[in-house]
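All of the numbers you see were taken from the coordinates with simple rules; none came from a lab. Values in this document were obtained by computation on a predicted structure and should not be read as measured data. FYI the Cβ positions are ideal-geometry reconstructions off the backbone, even for glycines, and counts take in every protein chain you see.
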Amino acid sequence: MKKPLFLCLLFAAAASFAADPFELPKNTTVISRDDSGKTWAFNGMLESALPASKKLLKESILKKGYRFQYEIPVDEKGEKQVILSFVKDKETLIVMLWSEGGKKTFFSYGVTK
């Protein structure tokens with residue numbers, strides 16, 4: 001009885017990880033996931049400043065075949081908030097990053113098809 005339950009939980013965990021369009025950096029803290037299509041698909045946090053977090057995410061996304069499209073600064077200089085856009089085939093991946101306190105970066109992403 002325990003083995004089928006374990007396999008079911010293992011499959012569910014693998015399916016949730018497979019849903020990410022790119023490999024999340026190893027030090028990502030998962031805050032929430034939402035597959036409803038009505039809000040961001042993923043919300044997380046990295047224990048690094050915005051420039052380092054942006055670099056980590058961008059490298060990971062590009063490795064999955066996405067092409068960088070736009071960087072849109074949300075604040076005046078793009079030092080506290082930025083939106084990144086990537087394309088792959090008919091998908092657009094939008095990533096929003098924002099810094100709180102300079103040593104933590106929160107991010108959200110969503111994919112349009």
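Under the simplified labelling scheme, the Lys88-Ala52 pair shows an inter-label distance of 2.6 nm, with each label point 7 Å from Cα along Cα→Cβ.
Taken over the alpha carbons of segment 28-113 as equal point scatterers, the Debye sum produces base-10 log I(q)/I(0) values at 0.12, 0.17 Å⁻¹ of -0.33, -0.68. Ranked by the mean number of other Cβ atoms within 10 Å per residue, highest first, peptides 81-88, 104-111, 22-29, 70-77 order as 104-111, 81-88, 22-29, 70-77.
The alpha-carbon of Lys103 sits under 26 angstrom from the alpha-carbons of these lysines, leaving out residues fewer than 8 places away in its chain: Lys26, Lys54, Lys55, Lys58, Lys63, Lys77, Lys80. Between Gln81 and Lys38, the FRET efficiency from the beta-carbon distance, with R0 = 25 Å, is close to 0.70.
Counting Lys and Arg as +1 and Asp and Glu as -1, what is the net charge of the other residues whose Cβ lies under 13 Å from the Cβ of Leu57? Residues close to Leu57 contribute a combined charge of +2.
Compared with the direct C-alpha span, the chain from Met45 to Arg67 gains 5.6 nm at full extension, assuming 0.36 nm per residue. The lysines within cross-link reach of Lys38, meaning a Cα-to-Cα straight distance under 16 Å and a gap of 8 or more places when in the same chain, are Lys113.
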